[in-house]
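Undergrad: I have a structure I would like to understand better, so I am pasting it below and will then ask my questions one at a time.
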Amino acid sequence: LQPAFTKNGKKYRPIIYRADFKVTWKNGKVHIYDVKGHDKRGWRTTKDFDLKKKMFEYHYRDFTITFI
């Protein structure tokens, strides 16, 4: 989602997102599936994941992402 870089001598690691499954349909559409845990309150995500999801949605606007 973001490459590694160096600024003022400090190295910053890349920001990477790896989905659990990627399906490419015959029509060329791409669908991403990510398995997330849940409890009786509903689906649970971390703030770190929420930021990565936002970056993913920006960079891959033609992809559909579904959480299972």
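The values are calculated or read from the model by the stated rules, or taken from the named source; none is laboratory data. Predicted model only: the values in this text are computed from it and were never measured. Neighbour counts run over all protein chains shown; Cβ positions are idealised from the backbone, glycine included. Note: accessible area is taken over every heavy atom of the protein model, side chains too, but ligands, DNA and RNA are not part of it. Shrake-Rupley method; radii C 1.70, N 1.55, O 1.52, S 1.80 Å.
Undergrad: Just to check I understand the Karplus step: with θ = phi - 60° and J = 6.51 cos²θ - 1.76 cosθ + 1.60, what whole-Hz values come out for region 9-16, glycine and proline as x?
TA: Going residue by residue, I get x, 9, 8, 10, 6, x, 9, 10 Hz, with x marking Gly and Pro.
Undergrad: Another one. Can you tell me, using C-alpha contacts under 8 Å and at least 6 residues apart, the relative contact order of the chain as a whole percent?
TA: Relative contact order, the chain: 30 percent.
Undergrad: State the antiparallel share, in %, of DSSP beta bridges confined to the chain, rounding to the nearest 5.
TA: 70
Undergrad: Same structure, new question: Could you give the angle, 0 to 90 degrees to the nearest 10, between helix 47-59's Cα long axis and the longest principal axis of the Cα atoms of the chain?
TA: The angle comes out at about 90 degrees.
Undergrad: Next up: Looking only at trypsin sites (Lys or Arg not before Pro) in DSSP loops with at most 13 other Cβ atoms within 10 Å, what is the longest site-free stretch of the chain?
TA: Counting at most 13 other Cβ atoms within 10 Å as exposed, the longest clean stretch of the chain is 1-17.
Undergrad: Please report the carbon-and-sulfur percent of the accessible area for the chain; probe 1.4 Å, protein heavy atoms only, DNA, RNA and ligands left out.
TA: Carbon and sulfur atoms account for 54 percent of the accessible area of the chain.
Undergrad: Another question, then. Per the Kirkwood treatment, what hydrodynamic radius in Å, one decimal, follows for the chain from the mean inverse distance over all distinct Cα pairs?
TA: Hydrodynamic radius (Kirkwood, Cα only) of the chain equals 13.9 Å.
Undergrad: Quick check on the chain: helices-only [θ] at 222 nm, where DSSP H runs of length 4 and up contribute -39,500 (n - 2.57) each and the sum goes over total residues. Nearest 500, please.
TA: Dividing the helical sum by the residues of the chain leaves -6000 deg cm²/dmol.
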